[in-house]
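Okay, so here's the structure we're looking at.
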Amino acid sequence: MKIPVDDITESAREIRFSERIDGLNDLYKNNQFRDFSFPPLLEVDLVYYRSGQEIFFKGSFGGTLDGTCSRCLRSYSFPLSKEFDFVLSPDPSQSGHKIEELTREDLGLSYYSTEEIDLAPLIKEQVMLALPTRPLCHENCRGLCGSCGADLNQETCACSSSATDPRMAIFRTLKVGR
Ligand SMILES: [Zn+2]
Ligand SMILES: [Zn+2]
């Protein structure tokens, strides 16, 4: 979705559109197992308006993604939705006076420097922020046996029970660090 800057006024406008996000699949395809796969389109609701030179966006999106569980390696689907807001300011490097060298991260601001605001990269960024840190089919997924590879959600294997005892899992995931 692209919005011409000149069309953005001080009165808020509300739109609903489908954004292409399947480009995100390229970002996540390096792994041996693809952690997440994205549908072609995501439904986005968005309200935007201008205040002076700054442009305010507030919206939400929702869709269904596929993940590959990092414990049992099964594919599963899950809903992903998020509310977000962000502000775009005119790019200071495009204007005559330079403000101090503050980076975007410092300010939490993004800039626009074109006559049209392309929402696609901003929406994709929000999608990435909404993703879980690692894909799990279920938070209690028991994963695969480290010895024989059995899916412990489906069966119990004959390997040493101490290795697969779920009560021991806490020690295996515990990170010692202070
Ligand atoms: Zn799983
Ligand atoms: Zn086993």
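Where a number appears in this text, it was derived from the coordinates with a stated rule and is not lab data. Keep in mind that what you see is a predicted model, and the values were worked out from it rather than measured. Positions of Cβ are backbone-derived with ideal geometry, glycine not excepted, and every protein chain shown enters the neighbour counts.
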(request) Sort region 31-73 into rounded, prolate or oblate with this rule: let a ≥ b ≥ c be the square roots of the eigenvalues of the Cα gyration tensor; rounded if a/c is under 1.5, and if a/c is not under 1.5, prolate when a/b is larger than b/c, oblate otherwise. (result) prolate
(request) Figure the gain on full extension for Ser81 and Ser37 (residue separation times 0.36 nm, minus the Cα-Cα span) and round it to one decimal in nm. (result) 14.3 nm
(message) Residues of region 35-62 with the amide nitrogen closer than 15 Å to a label point 7 Å from the Cα of Tyr111, along Cα-to-Cβ, please.
(response) 54-55
(request) Work out, step by step, the length gained on full extension between Met1 and Asp26: first 0.36 nm times the residue separation, then minus their alpha carbon distance; give nm to one decimal. (result) 7.0 nm
